[in-house]
Amino acid sequence: MNVDETAPLRVLVVDGDPQVRSDVVSLLKSGGELTVAAEVATGAEAVELADRIRPDVVLLDAAAVRAGHTAALSRAARVFALAGPDDDAAAEAALRAGAVGRLDPRTFTVADLVRGVRDASRTSLGLSAREAEVMDLIATGRSNGEIARQLFLSEKTVKNHVNRIYSKLGVGSRATAIALWRGMMSVVAAPDRRP
C-alpha cells in the first residue's frame, strides 16, 4: 500500500440541511489538514459512497444517526456525530453504534476535528500519553533529535518511545506510523516490520 504521509485527511460530510452542510464543507476547506472527499444529504447515500471513496473521517448528522447508518460507516472510517446540544440522544446512539466522537455543527473547528481524530487514534492504538505526544511530533515531521529538544528528553529516551510506538502500532517505518496515527489507514493489512 502506498501511503502519502503528507496527504490531508479525507472527510465525507453527511447532512440533510443544505446550509449546515455547506457551512461544514466551507469550514473544512479552510484548513490544510483536511480535504472534503464528498458531501451527501443522507446516511444511505453515505454508506453507498463510503465503499468507493474510502474516507478517513465521516461527519454524520443526527438524522442519519437516527436512521441507523452509524455502524456501517464506522467500519469504513472514523465517524463523528454532528449533533448540537438538543441532539443528545442521537449523539449517544452514535457513540454506542461505533462513532468515535461528537461535534456541534454550529461551533466546532478544524482543530477540534483533528484533535478528535488524534484522540481516537491514541485510544484505539493503545499509546500512553507520552507516546501520543511523541507520535504527534513525529507526525509533524520532526526528527528524534528535534523531539528530544522540544520535550526536554534525551535522544535515547525518544528512540525508546519510538520503538515502543512502532511495536504497539505493528509498523516499521515513520511513514506507516504517521498514516496510521492520522487515521489514513483503518487497518494495516500486514505488519510492516523490518527483519
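The values are calculated or read from the model by the stated rules, or taken from the named source; none is laboratory data. Note that the structure is predicted; figures quoted are calculated from it, not measured. Using ideal geometry, Cβ is built from the backbone for each residue, glycine included, and neighbour counts are taken over all protein chains shown. Remember, those area values only see protein heavy atoms, side chains included, never the ligands or the DNA or RNA. Shrake-Rupley method; radii C 1.70, N 1.55, O 1.52, S 1.80 Å.
For the range 24-101, the fraction of C-alpha pairs more than 21 angstrom apart is 22%.
Of the heavy-atom accessible surface of the range 77-175 (probe 1.4 angstrom), what whole percent is carbon and sulfur? The computed percentage sits at 50.
Peptides 8-17, 68-77 ranked from most to least packed by the mean count of surrounding Cβ atoms within 10 Å: 8-17, 68-77.
Helical runs assigned H by DSSP (4 residues or longer) give the chain a calculated mean residue ellipticity at 222 nm of -15000 deg cm²/dmol, each run adding -39500 (n - 2.57) before division by the residue total.
The mean accessible area for residues of the chain, using a 1.4 Å probe and ignoring ligands and nucleic acids, is 50 Å² per residue.
Pairwise alpha-carbon distances in the chain exceed 30 Å for 24% of all pairs. Placing R0 at 30 angstrom, the Cβ-Cβ distance between E92 and N160 gives a FRET efficiency of 0.15 after rounding to 0.05.
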